1. Probe radius 1.4 Å, ligands and nucleic acids ignored: give me the carbon and sulfur share of the accessible area of the chain as a rounded percent.
2. What does the highest-first list of 136-145, 120-129, 168-177, 39-48 look like by mean Cβ count within 10 Å?
3. How much accessible area per residue does the range 66-223 have, counting only protein heavy atoms and a probe of 1.4 Å, in square angstrom?
4. Need one number: nm distance between label points at Lys225 and Phe264, each 7 Å from Cα along Cα→Cβ, rounded to one decimal.
5. What ranking, highest mean first, results for peptides 330-336, 101-107 when packing means the other Cβ atoms within 10 Å averaged over each residue?
Amino acid sequence: MRARARLALVGLAVLIGATSTAVAAPASTALEAVGRGNLLAYTAGIDIDQDGMFAAGTPEEEGTDIWVRDVTGATPPVMLNRPNSVADVTPSFSPDGTKIAWASRDTPTGTLDILVKTLSTGAVTNLTNSGSVDERWPSWSGDGTRILYNRRTTPTSNLDIWVTNADGTSQRYLAGKIGDGKFYEDCCASFTTDGASIVFASNRTGQFDIYRYDLAGAGSRERAKYLTRLTYAPWYQGTPAVEARGTVVYRNASDHQIYRLDPFRAPAQAPTAVRVPGQVRTPQGTPDGRGLVFGWRPGPRQALDIILTDRFGANPVNLTNTRVITETNPTWQPKPPRP
């Protein structure tokens, strides 16, 4: 089974290996022209300090945009957001592949809100529309009815995890160390495959580690009995994402590699490393459970490209290969339903 999966991915690698293009002005604003069922969305911009990320609230983040490309053809990438000089970051495909949610500062008050674009019509909806605080890192539930995101309740409060219905109704707190001071960051959450728990990163012990929170304890405050710490390390471990098989992939800062764990067996069961030459950022599983996409660079102080591998980190394919532009936060489109 593993050999067949790798062979299938090699075939895809051959198909898309010659189609990498530099990010340029969009040839069309109609996303349906890009293709259906084989789209890749990602954040792109200039990483000014070359640290491998777009730091929140900095000039480099304000130069970011969301791009979408068809990985099976030579069509140039298309910009998801309208042209602007503000932050557009962290895209996430809906589970039916027909919509993309992302965080944008192109809002009436200039704060980051969660926007959703319907690809077939181009219609954009501001889901959170908070007007005074920032929201980031949207992530859909497997049934498409809910979206997780990060929110600061006030401009000086800690970063918490919130959830909304997919139409923007019933916005509510889920988890995080509530309070002022911006010391505690609870970030980058995604639902487990059964929808009964979330997995996220938190620096509540001083360094970022990975946690699971069971939603049976959801309320106005986080309840400790429903919280499980999954990793223990004296260095950063963050940007977790739940894969289609139910496992979680995340970035480990000590070696800049991807690690994988079972959120219901950790920490008793140790995570395993997915070794890729170079340095990685923001790993995500492909919707079929057979691959990984992530930001990658050969070494420090270089721009990130989006790389596709099989789920074991083998057979890498560079999907963007732009050298100067940094691309990160990839999300792969589930195949949309037939009309």
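1. Numbers: 7680 of 14170 Å².
Solvent-exposed carbon and sulfur of the chain make up 54 percent of the total.
2. Working: 136-145: 19.0, 120-129: 15.2, 168-177: 17.1, 39-48: 23.4.
The peptides rank, most packed first, as 39-48, 136-145, 168-177, 120-129.
3. Details: 5800 Å² over 158 residues.
That works out to 37 Å² for each residue.
4. Each label point lies 7 Å from its Cα, and together they span 2.1 nm.
5. Details: 330-336: 21.3, 101-107: 23.0.
Packing order, densest peptide first, comes out as 101-107, 330-336.
The values are calculated or read from the model by the stated rules, or taken from the named source; none is laboratory data. Note that the structure is a prediction, hence the values are computed from the model and not measured. Every residue, glycine as well, gets a Cβ built from its backbone with ideal geometry; the counts of neighbours run over all protein chains shown. Surface accessibility is based on the protein's heavy atoms, side chains included, excluding ligands, DNA and RNA. Shrake-Rupley method; radii C 1.70, N 1.55, O 1.52, S 1.80 Å.
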